[in-house]
Every structure is written in C-alpha cells, then in structure tokens.
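No value in this document is a laboratory result; all are computed from the given coordinates. The shown structure was predicted, so the numbers you read here are calculated from the model rather than taken from an experiment. All Cβ positions, even for glycine, are placed from backbone atoms using ideal geometry, and neighbour counts span all protein chains on display.
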Amino acid sequence: MKSFLAFSILLFFLSGCSVKHDSLEVTPDKVQQLTTELTKLSDTIDYQEARLFAYEALLYPQILAERYGLVSPPTFHNFLINTGIKDRGLCYEWSEDMITHLKNLKYQSFDLRWGVANKGEFDEHNSVVVVAKGAPFRTGILIDPWRKSGVLYWAKLGDDPEYKWVENVERSRYYGTIER
C-alpha cells in the first residue's frame, strides 16, 4: 500500500510538470526573428530557404517534445531518463533528432554542425549549430531546443551567456554534416 501511495504521489507531481505542448507556439514573429538572424550569416543565404529553416527549427522541437513525453524543467526530464522512467530527451538526443531532421531537408544555403560545451564534464551540453554553407563553426547560430523544454533557444555562438561552444568534429562527421 505504501508503494502504491508513493507511486500515486509521484504520478501527481509528474503530471504537474508536463510541458503544455499547445503553449509551444511557432509564431510569425519568432519565424521572422530567426529568419533575420539566419540571413545575416552570409549574403549568399536564400531568404525563402532561411524562412523554411526557421519554421522547421521552431516547429520540430514541439514534435520531439510530444514524442519524448517531455516534462519540465529539462534537468528533471534528464533525471527521469537516468532513473529509467523516461526513454529519451537528453540534450544529445535532441541534437541527434534535430540534426537528422534538418539535414534531411537538404538546405543549400546552410551547413549543420554539432556543438558541445563542457565536453566530458557533468554539465556537458550538446546542440546543433547552423552556419552558412562552407563557413567556419564559430560563425554559426546555436539552435537549442533542450534548454527551454521544447521552446527553441537560439543565439550567435559568442552571444550565449550560459555556455562556451566548440565543435564536436567527430559528431559533425558522423552525421555527415562535414566531410570525412
């Protein structure tokens, strides 16, 4: 009986932490803001492609949040994964799914890279970085759906106040986003 009560209390608290997927909107303002940032990467960026990329980068995290049964905050979701209650949704899994989805859309104006901060540390964080075709990693924009539980966070790499990003070249090569 005690275990049933403890399980019931746990379920109650978990349901209260669920991400409300209808609140993860893709608004025209957000699409325009990200489109503008993407077009600033290079004068060779196709505006329509940047707009499509922005839309997909904002929408796909909502699909992943639903797929992962996401709860907030992300560190609590990580705890649920690490204890076997949830199956997927660690930052590197968001990155795997985002980079695979975006790569499959075959953008001509952009390259995708794998960014990592604090590699090998307890607080390691992974995310996708988008750069203009052929541009260096450090010129890119971080697209991070994990940090805000399915609401896309983006910033120029040097403007991210929480992390210092470097490229994980092995992962970028593995996903075929840079040449081997």
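What to note about this one:
- C-alpha long axis of helix 28-39 to longest principal axis of the chain, angle in °: 50 degrees
- Crossing angle, helix 2-16 versus the chain [Cα axis fit, 0-90 degrees, rounded to tens]: 30 degrees
- Shape box of the range 58-98 [Cα atoms, principal axes, largest first, Å]: 28, 17, 14
- Lysine pair count for the chain with Cα-Cα distance under 14 Å and sequence separation of 8 or more or different chains is 7.
- When only the Cβ of Lys, Arg, Asp and Glu is charged (+1, +1, -1, -1), the dipole of the range 137-180 relative to its Cα centre reaches about 60 debye.
- As a rough guide to protection, the peptides 33-43, 99-109 ranked by mean Cβ packing within 10 Å, highest first, stand as 33-43, 99-109.
- In terms of overall dimensions, the range 27-104 has a Cα radius of gyration and Dmax of 15.1, 47 angstrom.
- Scaled against the 2.2 N^0.38 Å expected of a compact globular protein of N residues, the Cα radius of gyration of the chain reads 1.10.
- Debye intensity ratio in log₁₀ form over the Cα atoms of the range 98-146, taken at each q of 0.29 Å⁻¹: -1.11
- Under a model in which nothing but the beta-carbon of Lys, Arg (+1) and Asp, Glu (-1) is charged, the range 45-180 shows a dipole of about 180 debye around its Cα centre.
- Nearest 10 degrees, 0 to 90: helix 47-68 Cα axis against the chain principal axis: 20 degrees
- Here residue 81 and residue 173 are evaluated by their C-beta separation; at R0 = 25 Å the FRET efficiency comes out at 0.45.
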